[in-house]
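Right, one structure below, let's go through it.
The values are calculated or read from the model by the stated rules, or taken from the named source; none is laboratory data. Keep in mind the model is a prediction, meaning the values are calculated, not measured. Ideal geometry is used to build each Cβ from the backbone, glycine not excepted, and the neighbour counts take in all protein chains shown. We work out accessible area using only protein heavy atoms, side chains counted, and drop any ligands, DNA or RNA first. Shrake-Rupley method; radii C 1.70, N 1.55, O 1.52, S 1.80 Å.
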Amino acid sequence: MKIYDVEGFPNPARIRIALAEKNAKDKVEFVAVDVMNGEHRSEAFKTKNPDAVVPCLELDDGTFISQCTAITEYIDAAFEGQNLTGTNAKERGLVHMMNRRAEAGLLDAVGDYFHHATPGLGPDLETYQNKEWGEKRREVALSTMAYLNDILAKTPFLAGNNFSMADITAFAGLGFADFAKIEIPSNLTNLAAWREKVAARPSLAS
Ligand SMILES: N[C@@H](CCC(=O)N[C@@H](CS)C(=O)NCC(=O)O)C(=O)O
């Protein structure tokens, strides 16, 4: 199976972490996509992923799966190792809910700020920008950080007692916030402690 991505970008990082949690990174061929030169928007790439973003998974039978949440669902079911999406009905529901909150409220919000209120990927790729919307999304990212901080006062991980896909998504979101120069408020001490704990996992430390 293949993963089309760019190493170091926030959404591709989610999949690389998920694979590392499953000890499955060497079971996948990584195919580099030249995002900075717009390869992801080519017709050839859009036949693989009509969303025109990375990452994208290609199975050996030619099936393409995009969107990190969906790719992580596949990885979780396909490989042994740390469970990432919940082991029973309640856990699955909670993981999906918290993953969605971390994605929409943090990672995507930071991305919208980056693409709209900063030079983003540069003038060739940022063909439409709305600074006001970008600034609004920065506020959403900050309020989501505060929300996640409150959650982490009650549970060790975002969806309860176990590390999950929701933690991966939020961790990538904070990394993107650093890159986009959104300062993480220093009073969010639960979030900072959780981030340190997650960063020390072998899947991230490697
Ligand atoms: N919701 C998508 C987001 C994917 C995404 O936005 N990927 C970024 C890289 S981190 C991208 O390809 N950006 C290209 C662009 O903005 O043109 C997912 O979960 O996979």
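Key figures for this structure:
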| quantity | calculated |
| --- | --- |
| Any hit, the range 12-27, residues being farther than 26 Å from Ala102 by Cα and out of contact with any His (no Cβ under 8 Å at 6 or more places or on another chain) | yes |
| Helices (runs of 4 or more DSSP H) contained in the range 79-154 and holding at least 2 residues in contact with a helix residue (DSSP H, G or I) (Cβ under 6 Å, 6 or more places away or on another chain) and touching a residue at least 60 places away in the same chain (Cβ under 8 Å) | 89-102, 108-117 |
| Any hit, the range 158-172, residues being within 16 Å of the ligand (Cβ to nearest atom), assigned to a helix (DSSP H, G or I), among the aromatic types (Phe, Trp, Tyr) and within 30 Å of Ser42 (Cβ to Cβ) | no |
| Considering residues of the range 27-47 that are open to solvent by less than 30 Å² (accessible area, probe 1.4 Å) and touching a residue at least 40 places away in the same chain (Cβ under 8 Å) only, the residue farthest from the ligand (Cβ to nearest atom) | Phe45 |
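This table checks each residue for (1) away from the ligand (no atom under 12 Å from the Cβ); (2) open to solvent by less than 20 Å² (accessible area, probe 1.4 Å).
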site: Ile3; (1), (2): no, yes
site: Lys22; (1), (2): yes, yes
site: Asn49; (1), (2): no, yes
site: Leu57; (1), (2): no, yes
site: Thr63; (1), (2): yes, no
site: Ser66; (1), (2): no, no
site: Ile75; (1), (2): yes, yes
